[in-house]
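Just below is one structure, and these are the notes that go with it.
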Amino acid sequence: MVTAESDRTGTLRGLLDLTRPGNAVAAGVLTFTGAFVAAGLDSSVVAVVASVAATVFATAAGNAVNDYFDRDIDRINRPDRPIPRGAVSARGAGAFSVALFLGAIVAALALPLLAIAIAVVNLLALLAYTELFKGLPGVGNVVVAYLTGSTFLFGAAAVGQLTDVAVLVLFALAALATLTREIVKDVEDLAGDREEGLRTLPIVVGEATALRAGAFVMAVAVLASAAPYLMNVFGLAYLAIVVPADGVMLSAVRRSFSDPATAQRRLKRGMFLATAAFVIGRAVDVLWVA
């Protein structure tokens, strides 16, 4: 027997699942990382907290919007998501995403104008992604890649250090690695995307060609990761972590040709390890100065 209380619990769980809380919190961590890599400990606590909150709300809202528009595809690719499994209605998901977007806007108002500008661009990109860009070959992948990398730019802009070299390299590395991961995910989701009539990169050019393109992008990302060390921005501590991270990501790309599902999860782990390299590189710099 389903009680009113259990029904409410199921709905609340469904709303939480819409946000993909792990991804939303991870995005907030990336924004904090951007602020720390750019300014070390010399940053406003209010700016850092506001930027992290704005990122978490915006990411959660974007995930909810994505589930709203993807509800038909998810019945094939992701039947366990809240809307297909009946935990949340499509209308409820849409209303919830609006509330989350408003939370992001309120948090962003406490930030400098440049950070607000990045937030506005990102919010528009999130809203347009599923409806306009997702089904275009490669375009949706590029949008997601930019949005992931821009979390670092947003954190740096929040503390007034957008032009910091390490942050710019971190943005490039994150965006390129994410682009590869998105291509691999499209290969994984091929059946549902084809059923829905989407024209993703693997559908248009073929799985093998798409994966080779992803491998090339990852190679560029790995080359970019050497820049902070070669430019004397970070030292051996950074190198000791970013090299294994590069190895994990390159290994994942190789695995993508036989097992895309496992490969994209390993790519994600490699990306977070690479991010840790930047954090440790800046932390060592801060301690050395102190």
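Derivation of every value follows stated rules applied to the coordinates shown; laboratory data play no part. Here the structure is a predicted model, which means the values were calculated and not measured. Every residue, glycine as well, gets a Cβ built from its backbone with ideal geometry; the counts of neighbours run over all protein chains shown.
Odds and ends about this structure:
- Pairs of C-alpha atoms in region 46-142 farther apart than 18 Å represent 51 percent of all such pairs.
- Taking the convex hull of the alpha carbon positions in the chain and averaging its projected area over all directions gives 15.8 nm².
- Among Leu41, Asn77, Leu126 - extreme Cα towards positive end, dipole of region 1-160, charges at beta-carbon: Asn77
- About the centre of its Cα atoms, the chain shows a dipole size close to 280 debye [charges on the beta carbon of Lys, Arg (+1) and Asp, Glu (-1) only; nearest 20 debye].
- Normalised by the number of residues in region 1-160, the mean separation of alpha-carbon contacts (under 8 Å, six or more apart) gives a relative contact order of 35 percent.
- Angstrom value of the Kirkwood radius, inverse mean 1/r, which spans all Cα pairs in region 164-290: 15.2
- Helical mean residue ellipticity (222 nm; -39500 (n - 2.57) per DSSP H run of 4+; nearest 500) of the chain: -26500 deg cm²/dmol
- Given charges at Cβ of Lys, Arg, Asp, Glu: region 1-160 dipole, positive-most of Val159, Val139, Ala53: Val139
- For the chain, averaging the sequence separation of C-alpha pairs within contact (under 8 Å, six or more residues apart) and dividing by the residue count gives a relative contact order of 19 percent.
- The residues neighbouring Phe272, those whose beta-carbon lies less than 14 Å from its own, together hold a net charge of +4 under the Lys/Arg +1, Asp/Glu -1 convention.
- Averaging the sequence gap over all C-alpha pairs within less than 8 Å and six or more residues apart, then dividing by the number of residues, gives region 164-290 a relative contact order of 30 percent.
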